[in-house]
Every structure is written in structure tokens, then in C-alpha cells.
1. Cβ-Cβ below 9 Å, separation at least six or inter-chain, first residue in the stretch 126-152 and within 18 Å of residue 111 (Cβ to Cβ) and open to solvent by 30 Å² or more (accessible area, probe 1.4 Å), second in a loop (DSSP other than H, G, I, E, B) and among the hydrophobic types (A, V, I, L, M, F, W, C): which pairs?
2. Checking residue 186 against (1) within 24 Å of residue 40 (Cα to Cα); (2) open to solvent by 20 Å² or more (accessible area, probe 1.4 Å); (3) among the aliphatic types (A, V, I, L, M), which test does it fail?
3. Which residues, counting only those in the stretch 153-175, are under 22 Å from residue 109 (Cα atoms) and either among the aromatic types (Phe, Trp, Tyr) or surrounded by 15 or more Cβ atoms within 10 Å (Cβ to Cβ) (or both)?
4. Among the numbered criteria (1) assigned to a helix (DSSP H, G or I); (2) under 23 Å from residue 3 (Cα atoms); (3) open to solvent by 60 Å² or more (accessible area, probe 1.4 Å), which single criterion is violated by residue 103?
5. Which of the residues spanning the stretch 106-125 are part of a strand (DSSP E or B) and surrounded by 16 or more Cβ atoms within 10 Å (Cβ to Cβ)?
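The values are calculated or read from the model by the stated rules, or taken from the named source; none is laboratory data. This is a predicted model, so every value here is computed, not measured. Using ideal geometry, Cβ is built from the backbone for each residue, glycine included, and neighbour counts are taken over all protein chains shown. For accessibility, only protein heavy atoms count, side chains too; no ligands or nucleic acids. Shrake-Rupley method; radii C 1.70, N 1.55, O 1.52, S 1.80 Å.
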Amino acid sequence: MKPSICAGILAGGKSSRMGQNKALLPYGGHSFLEQLIQVCSVFPEVLLSVDRTAPYAHLGVPMVVDQLAGFGPLEGIYQLLRACQSPYLLAVATDMPQLSPAFLLALAGSLEGQEDCLVLLRDGRPEPLCSIYGKGALPVLERMRQEGCHRPRMLFEQVNTRWVELGDLGFGAEAVANINTPEEYAALGRKILP
């Protein structure tokens, strides 16, 4: 039987290249974050990682707050993994508005249950903000926090990590495209116009 997986949405980023909070950008009649909450609702548990709760309180989704400022997405992954009830966490970034339930379920379905991390590769490059983390990785994450190391690659090198290529799941790069700049956001908007 496949292990239970919690979906965790990382919404605590600085959005410095966008110039405004990406999580709240409108997309398809919702915000990026609202859209992603709907997509992640195929999992029995959905949590939200934030740097502060006020902008997201209206969403009614359980939240975890970063404790280490400036530690980056690994802090969010750590807090989500500690808080989730499931043995595994599928962490996704809020700036991937084209994620679909079908894709996330395909990624989750490739988990075997012995891994500490199941890392998605896009053309051979890791996508740590759309990957699966197990509670077995927590001791290493705790040590990394103490040492001030916030590079996901360092985690993957120290735990039982398995890699899965995006194409092997039957999806193309667009499935996990993230939106970082006003230009990319404008191009995304052109795609959804009737």
C-alpha cells in the first residue's frame, strides 16, 4: 500500500523579481494560491507555509510559519514536514500555477515508500520545490538549520534520495513552469485568454 502524502504549499517567498506577492496574483478567476489549494485538494491533508499569517488567514487552510528568517524554502519544507500528519510531504511552490491534480498524483504515485526524498528532475535538473520529502529527512534538516546550510542539494546528498524525470511521468516542462517576472506573468495571462 502506498504511503499517505500531505500537500504543502510554499507561500513564504520574497517575490523580489515580481515586485509583489506572487501568491496573491490573479489567475483564472482566483489567485495563484487559491488555484493551487484547489489543485492540492486531491490529497487528504493540505498545509500552507508562510512567513506571516495575516495575508492568508481568509483561506481557511492550516498554516505553519517560518521560524528562521532568511533561510529560504528549506525552512518552509522543514516546518511543513514537522507539522504534517502524513509520513510524506509533497512540497510545491506557489508560483507554479499550471500544476494539475493529474501531475501531482502521478508524482505521488511514483513514491515507493523507502525514500527520504523523491526529487523531480526537469531535463536532468532538480526541482526541489516540486518534490516529495519524508519525515526520515527531518534529522538532517534539523542539523542543516543549525549549521546555516539551506541548499536542497546538500539534503539530497545526505539522505536516501531517489530521482524521477518529469518526462518519465508523461508530462512536459510547462507542467511545472514557475512564474518569476512580470513578463512571465503577462505571457501566462495571454495563454488563458479566450
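1. 129/96; 135/84; 136/159; 152/129
2. Going through (1) within 24 Å of residue 40 (Cα to Cα); (2) open to solvent by 20 Å² or more (accessible area, probe 1.4 Å); (3) among the aliphatic types (A, V, I, L, M) one by one, residue 186 breaks only (1).
3. The initial filter retains those residues of the stretch 153-175 that are under 22 Å from residue 109 (Cα atoms), namely 156, 159-175.
Listed by number, the residues that qualify are 156, 159, 161, 162, 163, 164, 166, 169, 171, 175.
4. (3)
5. 117, 118, 119, 120, 122
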